[in-house]
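So the structure is just underneath, and the comments pick up after that.
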Amino acid sequence: MNTVDKISSYIEALRPILYIPTFDFNSFDNIIKELSSKSKIYEFNEGLGYVNFETKNQETAYTLEEFLNLFLTEQTQPIYLVLKDVHNLIDNHKIISLLKSIALKTIYEDNYYVTIFIVATKLNIPTELEKLITVYDTPLPNRAKIIETINDFSQSMKITIDTHLVNELALSLKGFSKFEIIQILNFAYQKSGTVEKKDTQLILEEKEQIIKKSGMIEILNFKEGINDIGGLDNLKKWLYNKSKIFNNLESALEFGVETPSGMLIVGMPGCGKSLTAKATARLFNVPLLRLDIGKLLGKYVGESEENMRRAIGMAEAVSPCVLWIDEIEKAFAGAGDAGGNEVTTRLFGYFLTWMQEKKSSVFVVATSNDISNLPPEFLRKGRFDEIFFVDFPNDEERKNIIELHLKKRKKWNKNIDTIKLLKETQGYSGADIEAVIKDTIEKAFINEWKEIRTKNILDELADTKPMSVSLKDKIESLKTTLDKLDVNNASKNDNL
Ligand code: ATP
């Protein structure tokens, strides 16, 4: 259903207040014009008060309260009240009560037809109005609509953009609103008098800007790749296969392969979960975005979901990309439980639906130390392509990790007996091993040792308590939970 039909159906169903969170007021005016054959439109905005909807000229400098008071009497003709950017004004008890009166009259009185549109850049729904407000999220333009916007733009500017470039631009402009698309095209045009291939770079920079401004998603810079991971061979093999699809997505889709959706990595702290998220983005040749679900939580009704929608929209705008959600248990633990947090449950529902239906090339890497309180739907097949369990490294993996971290710091020499170190590193995480190597090298520098010897590392190990000891209880409970689930081991179980 397109936007006009959807909104018409809400009006017919007597939904009294429609809340449209958008920045693009212009596009929304056009939608309202398409809707209203019989209805009279009255507009209010925060700056000017009552304005003429057609000309945008000020009619009367009413306050919102005065403006709403005008419409409490009988309204036999259908009326649309368009309230723009009033999100800061509606927390007031008088305004809430006026909006409520108008809404209830529309629902219950025969000779009264007033539909209120709140068109605002921010979503702010006072609890008292929650049941009377319907939020309508304007969908972002699809490919066809983006192409139409580019073509309209080139026509109005009297420039020619060849079809191939239009298609390419349409791909990179995915995820922007119409308003933003026109802004970017304008920016490109102002720079060179036309729109050309190198402007796809400009679009990328714009995307980064938008993401930075939002504060909800971070674009990470990092150096690590798949060769920095010691062990986790099953996981790495799986990732190599997925990268073959991800890096040739178009031909894979044509062949009938599904777009890879994502993976959940559960496991012991310091064993390479974050490292794997980074290595995935490097292997797939795409940016890595980190989503902090804690930052999505807002204080108003619906605000958290709206933030989630925007964050996901941004990831889709940057796609292809890897979207890393760290410590997912902190975001969704207890969702759906009786007496659980309602916002968490709604956010969780939104996220699940998106995961299930998404067609975009946003590859989700969710990482977690503890999944015991995650809702079972989350772990069901079909949400993630695979769930991996990352345990403390086995013998072969520890050998790899020790060598890798020594080599990384150019301190590997063949006198180091890694086999001897294996016995003493049982139960050590990758992070523990890295810390031991770092500390040994620091000591070598301070004491001016010529090279690192096995004994130096052994001495350092004797002074270090591994994570498996300090977190013993937590680890036991994680293993019990995992035993009950169909989870893949990230490692090839090859002890030396
Ligand atoms: P947490 O659950 O505490 O966030 P994590 O599993 O995400 O931990 P990482 O941040 O990936 O752990 O690991 C910490 C550091 O330990 C890494 O930067 C890396 O240097 C080292 N490390 C951990 N596992 C490995 C591994 N398998 N191979 C090489 N280095 C590793």
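The values are calculated or read from the model by the stated rules, or taken from the named source; none is laboratory data. Just so it is clear, the structure is predicted and the values come from calculations on it, not from any experiment. Cβ atoms come from the backbone with ideal geometry, glycine included; neighbour counts cover every protein chain shown. Side chains are part of the model used for accessible areas, which takes the heavy atoms of the whole protein and leaves out ligands, DNA and RNA. Shrake-Rupley method; radii C 1.70, N 1.55, O 1.52, S 1.80 Å.
Of the residues Ile146, Ile95, Ile159, the single one that is buried (at least 18 other Cβ atoms within 10 Å of the Cβ) and touching a Phe, Trp or Tyr at 6+ places or on another chain (Cβ under 9 Å) is Ile146. In segment 97-147, how many are of a type outside the set (Val, Ile, Thr) and in contact with a Pro (Cβ under 6 Å, 6 or more places away or on another chain)? So the count comes out to 4. The set of residues in segment 1-28 that are acidic (Asp, Glu) and surrounded by fewer than 18 Cβ atoms within 10 Å (Cβ to Cβ) comprises Asp5, Glu12.
Can you find a residue that is under 16 Å from the mean Cα position of the chain (by Cα), farther than 24 Å from Val390 by Cα and within 16 Å of the ligand (Cβ to nearest atom) anywhere in segment 298-312?
no
Exactly one residue out of Leu14, Leu99, Leu72, Leu83 is part of a strand (DSSP E or B) and assigned by TED's automatic domain parsing to the domain that holds Ala120, and it is Leu83.
Give segment 114-153 a look and list any residue that's free of Cβ contacts under 8 Å to residues at least 60 places away in the same chain and either out of contact with any helix residue (DSSP H, G or I) (no Cβ under 8 Å at 6 or more places or on another chain) or not in a helix (DSSP H, G or I) (or both), or say none.
Across segment 114-153, the qualifying residues are Lys131, Pro141, Asn142, Ala144, Glu148, Asp152.
Pull up segment 71-82, narrow it to residues that are in contact with a strand residue (DSSP E or B) (Cβ under 8 Å, 6 or more places away or on another chain) and surrounded by 13 or more Cβ atoms within 10 Å (Cβ to Cβ), then point me to the one that is farthest from Lys100 (Cα to Cα). The qualifying residue farthest from Lys100 (Cα to Cα) is Pro78.
The residue list Glu59, Glu66, Glu54, Glu34 contains one member that is part of a strand (DSSP E or B) and acidic (Asp, Glu), which is Glu59. Annotation note: of Leu406, Leu422, the sole residue that is within 14 Å of the ligand (Cβ to nearest atom) and open to solvent by less than 30 Å² (accessible area, probe 1.4 Å) is Leu406.
Considering segment 313-337, and only residues there that are away from the ligand (no atom under 16 Å from the Cβ) and assigned to a loop (DSSP other than H, G, I, E, B), the residue that is most open to solvent (accessible area, probe 1.4 Å) turns out to be Asp337. Of the residues making up segment 205-253, those that are more than 17 Å from the chain's Cα centre (by Cα) and aliphatic (A, V, I, L, M) are Ile226, Ile229, Leu232, Leu235, Leu239, Ile245, Leu249, Ala252, Leu253.
For segment 275-286, the count of residues that are surrounded by fewer than 17 Cβ atoms within 10 Å (Cβ to Cβ) and under 20 Å from the mean Cα position of the chain (by Cα) is at least one.
Checked across segment 249-263, the condition of being open to solvent by less than 20 Å² (accessible area, probe 1.4 Å) and assigned to a helix (DSSP H, G or I) holds for at least one residue.
Here's the yes/no breakdown for (1) near the ligand (Cβ under 10 Å from one of its atoms); (2) loosely packed, with under 14 Cβ neighbours inside 10 Å; (3) assigned to a loop (DSSP other than H, G, I, E, B); (4) not acidic (Asp, Glu):
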position	(1), (2), (3), (4)
Thr367	yes, no, no, yes
Ile387	no, no, no, yes
Pro393	yes, no, yes, yes
Arg398	yes, no, no, yes
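Just so you know, in segment 374-385 the residues that are more than 16 Å from the ligand (Cβ to nearest atom) and part of a loop (DSSP other than H, G, I, E, B) include one that is least open to solvent (accessible area, probe 1.4 Å), and it is Pro375.
Would you confirm whether any residue within segment 269-283 is away from the ligand (no atom under 13 Å from the Cβ), assigned by TED's automatic domain parsing to the domain that holds Ala366, more than 30 Å from Thr480 (Cα to Cα) and in contact with a helix residue (DSSP H, G or I) (Cβ under 9 Å, 6 or more places away or on another chain)? Yes: one or more hits. The residues on offer are Thr454, Thr440, and the sole one that is within 16 Å of the ligand (Cβ to nearest atom) and surrounded by 13 or more Cβ atoms within 10 Å (Cβ to Cβ) is Thr440. Gly231 meets the conditions (1) open to solvent by less than 10 Å² (accessible area, probe 1.4 Å); (2) within 30 Å of Leu173 (Cα to Cα); (3) modelled with pLDDT of 85 or more in every case but one. The failed one is (2).
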